[in-house]
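Structure first, then comments.
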């Protein structure tokens, strides 16, 4: 087992664009958020192992609120358990700015309290022979 104090949290913040909207009304496909979690996981593996590793599986995914084009999403992840090659991770995506097309096409509000839109947990693996950090 690795010393858990060596792990850091990773965070990505970005604006959902029109290209991210998959459904009517500018609704973003939940798979887009899972792709962000994949990027967060990759960064965590690089930090801890010096290699991108592989995403093995999601154990649980909860879609809690809709995401629309124009919203700003902050996706975070952290390693909560580590074995010789496996890294159990928890992820959360929060809406920090909400598009307000009901007010004007370019209107948006900074949220005083970020809204959690997706939570997930999963396992990633870095093969022992590719781990460059111990």
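Structural remarks
- Residues being closer than 13 Å to residue 91 by Cβ, modelled with pLDDT of 95 or more and within 14 Å of the chain's Cα centre (by Cα) are entirely absent from region 22-31.
- Restricting attention to region 49-65, the residues being in a loop (DSSP other than H, G, I, E, B), surrounded by 15 or more Cβ atoms within 10 Å (Cβ to Cβ) and in contact with a strand residue (DSSP E or B) (Cβ under 6 Å, 6 or more places away or on another chain) number 1.
- Residues of region 82-96 that are touching a residue at least 40 places away in the same chain (Cβ under 8 Å) and touching a strand residue (DSSP E or B) at 6+ places or on another chain (Cβ under 6 Å): 85, 87, 89, 91, 93, 96.
- Number of positions in region 12-33 that are outside any loop (DSSP other than H, G, I, E, B), touching a strand residue (DSSP E or B) at 6+ places or on another chain (Cβ under 7 Å) and either surrounded by 14 or more Cβ atoms within 10 Å (Cβ to Cβ) or free of Cβ contacts under 8 Å to residues at least 40 places away in the same chain (or both): 9
- Inside region 82-134, residues that are touching a helix residue (DSSP H, G or I) at 6+ places or on another chain (Cβ under 8 Å) and surrounded by fewer than 17 Cβ atoms within 10 Å (Cβ to Cβ) make up a count of 6.
Here is a yes/no grid of residues against (1) outside any loop (DSSP other than H, G, I, E, B); (2) over 13 Å from the mean Cα position of the chain (by Cα); (3) at pLDDT 95 or above:
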{"residue": "93", "(1), (2), (3)": "yes, no, yes"}
{"residue": "98", "(1), (2), (3)": "yes, yes, yes"}
{"residue": "105", "(1), (2), (3)": "no, yes, no"}
{"residue": "119", "(1), (2), (3)": "yes, no, yes"}
{"residue": "122", "(1), (2), (3)": "yes, no, yes"}
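- Taking (1) touching a helix residue (DSSP H, G or I) at 6+ places or on another chain (Cβ under 6 Å); (2) farther than 20 Å from residue 127 by Cβ in turn, residue 51 satisfies each apart from (2).
- Selection count, region 66-81, where residues are in a loop (DSSP other than H, G, I, E, B) and either on the phi > 0 side of the Ramachandran plot or buried (at least 21 other Cβ atoms within 10 Å of the Cβ) (or both): 3
The values are calculated or read from the model by the stated rules, or taken from the named source; none is laboratory data. A quick note: this is a predicted structure, and the numbers were derived from the prediction, not measured. All Cβ positions, even for glycine, are placed from backbone atoms using ideal geometry, and neighbour counts span all protein chains on display.
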